[in-house]
Amino acid sequence: MQAGDHRQIVVATDAEALARLAAQRLIARIALHHDRPGICLTGGSGPQRMFELLATEFEDRIPWSHVHWFISDERVVSFDDPLSNMGTAKRVLLDGRAPAANIHAIPASTGADPDEVARSYERELKDFYGSATLDPARPLFDLVLGGVGPDGHTASLFPGWPQLAVRDRWAAGVDKAHVEPFVPRVTLTFPALASCSEMLFLVHGASKRNILEQVFGGEDLPAGKARSNGETVWLISQDALPESLRDR
């Protein structure tokens, strides 16, 4: 079904069905761009089962040598730290499958300056894209995965934080997180996240129902502002779906 604000809502029966649908959409996006697909992953609990499916049941459907993998945000910790988003994605999904040159991790390490790390990642994104200016007709990514935090954040774009207003950068440092873990972070900005063919939010669990109610109710929250220049799809499990969205 289609929300009035042009965000498409797809409802999955449960978390397992959601993970399968997400994996299939990711594979479909890769298939549409045979040359050099770019997939921007996300951290948190939302994509973990999808990662497992892609690494096992769907492994043979991904042309690993061609796909390039990015991350929407990162905690400024070492890759071997359990808090590292890309470290987790590498362990569960990418290691042993994706060529090392195709894994574009945010170069974070414990104690690093978030702004310097953000500038370094921005340079890598621009090198991959082949331009310092984003063209709405030529997406940076084929798919951007997203989630929504308990405060309405997405990536590491937190409510009321100055990074929300950044329009001239592709990545930004975050000195202090709004929620646990309270470590510095690096996040892609709204313009970089928007430069995709599809932005796919993954949301499951009854604990997300109230924040989704706020996001789709028009409250001023980062997850509600995030949009793709192409398709914006919210893949929501039945237990997370607010009453206000059930009849749309």
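Odds and ends about this structure:
- Selection of the range 159-180 for residues being closer than 17 Å to residue 126 by Cβ and among the β-branched types (Val, Ile, Thr) yields only 166.
- When the residues of the range 64-84 are filtered to those that are under 30 Å from residue 174 (Cβ atoms) and among the hydroxyl-bearing types (Ser, Thr, Tyr), the one that is most open to solvent (accessible area, probe 1.4 Å) is 78.
- Of the residues making up the range 21-63, those that are open to solvent by 30 Å² or more (accessible area, probe 1.4 Å) and either in contact (Cβ under 8 Å) with a residue 40 or more places away in the chain or not β-branched (Val, Ile, Thr) (or both) number 21.
- So residue 92, is it of a type in the set (Val, Ile, Thr), part of a helix (DSSP H, G or I) and surrounded by fewer than 20 Cβ atoms within 10 Å (Cβ to Cβ): yes
To keep it simple, each residue is scored yes or no on (1) open to solvent by 10 Å² or more (accessible area, probe 1.4 Å); (2) touching a residue at least 24 places away in the same chain (Cβ under 8 Å); (3) in contact with a strand residue (DSSP E or B) (Cβ under 8 Å, 6 or more places away or on another chain).
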position	(1), (2), (3)
159	yes, yes, no
167	yes, yes, no
174	no, yes, yes
180	yes, no, no
187	no, yes, yes
197	yes, yes, yes
203	no, yes, yes
207	yes, yes, no
217	yes, yes, no
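- Flag if residue 108 is touching a strand residue (DSSP E or B) at 6+ places or on another chain (Cβ under 9 Å) and part of a loop (DSSP other than H, G, I, E, B): yes
- The range 219-239, residues that are in a helix (DSSP H, G or I), surrounded by fewer than 23 Cβ atoms within 10 Å (Cβ to Cβ) and of a type outside the set (Asp, Glu): 224, 225, 238
- Of the set (1) in a helix (DSSP H, G or I); (2) open to solvent by 10 Å² or more (accessible area, probe 1.4 Å); (3) under 25 Å from residue 197 (Cα atoms), all apply to residue 133 but (1).
- Filtered residue count, the range 170-217, keeping only those that are more than 30 Å from residue 129 (Cβ to Cβ) and not charged (D, E, K, R): 13
- Of all residues in the range 143-201, those satisfying the criterion of being assigned to a loop (DSSP other than H, G, I, E, B), among the hydrophobic types (A, V, I, L, M, F, W, C) and under 13 Å from the mean Cα position of the chain (by Cα) are 148, 155.
- Matching residues in the range 95-130 - criterion: being touching a Pro at 6+ places or on another chain (Cβ under 6 Å) and surrounded by fewer than 20 Cβ atoms within 10 Å (Cβ to Cβ): 120
- Members of the range 2-59 that are within 26 Å of residue 246 (Cβ to Cβ) and in a loop (DSSP other than H, G, I, E, B): 3, 4, 5, 6, 7, 13, 14, 42, 44, 45, 46, 47
The values are calculated or read from the model by the stated rules, or taken from the named source; none is laboratory data. All values derive from a computational prediction rather than experimental measurement. All Cβ positions, even for glycine, are placed from backbone atoms using ideal geometry, and neighbour counts span all protein chains on display. All accessible areas refer to the heavy atoms of the entire protein, side chains included, with ligands and DNA or RNA removed. Shrake-Rupley method; radii C 1.70, N 1.55, O 1.52, S 1.80 Å.
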